[in-house]
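Working notes, beginning with the structure itself.
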Amino acid sequence: MFRPRVALASLSGEADVGWARDAGAYVGCAFLGGIALDESTREAAREMVDRNRSEFLPADPVSFIDDQLRALADIPLRPGFNVRSATLPPIERAATVCRDHGAIIELNAHCRQAEMCAAGAGESLLWNPERLVEQVDAAAATGADVSVKLRAEVDGVELPALCSRLESAGAAAVHVDAMDSEAIVRDIAAATDAFLVANNGVQGHETATEYFEYGANAVSVGRASDDTDVLRAVHGAAADSIAREAKR
């Protein structure tokens, strides 16, 4: 799906073109966003901004996605866009734009902010897998490559089984925030053939290598994505992982 097998994980209100360009020498993918697409999630984002969280709130979110992806056309990485929506039509429009730019659309079932969950997006989708499957199906029907950003350690959610179901619905990738359960990556890798991006605590060669040994196809860097030393070390771990695979 991308090489090198290192991604930048979206940071709401921060993950834009400049952020991706700054790290482009070390990563194969950058997930921009997240961005709220429909009115209920945009209202949630506005409420979150009112309590000092950082959010992208352009007048036209789909045009914003188009402009951001267009501005990355000269950079040798594969872009993605992390989106939040409670309704399907905006997802379809955003996915079409991503498809046209060769980008990945990433459906956010990860955000645990109360406002976003109340709007029917983010982590709330983990408790409503039918709705999440509908979102995957709608995005995949456009021909775009679909990733789903997920979170481990959510009560009542069997993540390996859910990832298998999302793959069947058309997800090409699952992007898993392992929280403090790094070994969940091994269980997900056994349950699905979707491209598996492991996230959380990736701070250098050792932590990245752990995820690769659990079966991740790639790792992503979040809060440390502006730290060149971290990115260089993780890039090295990804290269070492490919070399080990070639010897098997």
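The values are calculated or read from the model by the stated rules, or taken from the named source; none is laboratory data. Keep in mind the model is a prediction, meaning the values are calculated, not measured. Neighbour counts run over all protein chains shown; Cβ positions are idealised from the backbone, glycine included.
Data overview
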quantity	calculated
Looking only at segment 1-27, and only at residues there that are of a type in the set (Asp, Glu) and farther than 15 Å from ALA103 by Cα, the one that is nearest to the chain's Cα centre (by Cα)	GLU14
Of residues in segment 21-61 being surrounded by fewer than 17 Cβ atoms within 10 Å (Cβ to Cβ) and among the hydrophobic types (A, V, I, L, M, F, W, C), the one modelled with the lowest pLDDT	ALA25
Answer from ALA198, ALA233 - the residue that is more than 24 Å from ILE105 (Cα to Cα) and either within 18 Å of the chain's Cα centre (by Cα) or not in a loop (DSSP other than H, G, I, E, B) (or both)	ALA233
Residue within segment 211-219 that is touching a Cys at 6+ places or on another chain (Cβ under 8 Å), aliphatic (A, V, I, L, M) and modelled with pLDDT of 95 or more present	yes
Matching residues, segment 99-132, being of a type in the set (A, V, I, L, M) and either free of Cβ contacts under 8 Å to residues at least 12 places away in the same chain or in contact with a Cys (Cβ under 8 Å, 6 or more places away or on another chain) (or both)	ILE104, ILE105, ALA114, ALA121
Criterion (touching a Lys or Arg at 6+ places or on another chain (Cβ under 9 Å), farther than 22 Å from ALA118 by Cα and in contact (Cβ under 8 Å) with a residue 12 or more places away in the chain) met by exactly one of ALA20, ALA30, ALA95, ALA73	ALA30
Number of positions in segment 122-138 that are outside any helix (DSSP H, G or I) and under 19 Å from ALA172 (Cβ atoms)	0
Residue that is surrounded by the most Cβ atoms within 10 Å (Cβ to Cβ) [pool: residues in segment 75-93 that are under 17 Å from the mean Cα position of the chain (by Cα) and closer than 19 Å to ALA20 by Cα]	GLY80
Evaluation of GLU153 against (1) closer than 30 Å to THR87 by Cα; (2) surrounded by 18 or more Cβ atoms within 10 Å (Cβ to Cβ) (one fails), failing number	(2)
So SER168, is it outside any loop (DSSP other than H, G, I, E, B), in contact with a Gly (Cβ under 7 Å, 6 or more places away or on another chain), closer than 30 Å to ASP38 by Cα and among the polar types (S, T, N, Q)	no
Selected residue (only one of ALA224, ALA189, ALA243 is in a helix (DSSP H, G or I), in contact (Cβ under 8 Å) with a residue 12 or more places away in the chain, among the small types (Gly, Ala, Ser) and surrounded by fewer than 22 Cβ atoms within 10 Å (Cβ to Cβ))	ALA189
Qualifying residue in segment 206-215 (condition: under 15 Å from HIS175 (Cβ atoms) and out of contact with any helix residue (DSSP H, G or I) (no Cβ under 8 Å at 6 or more places or on another chain))	no
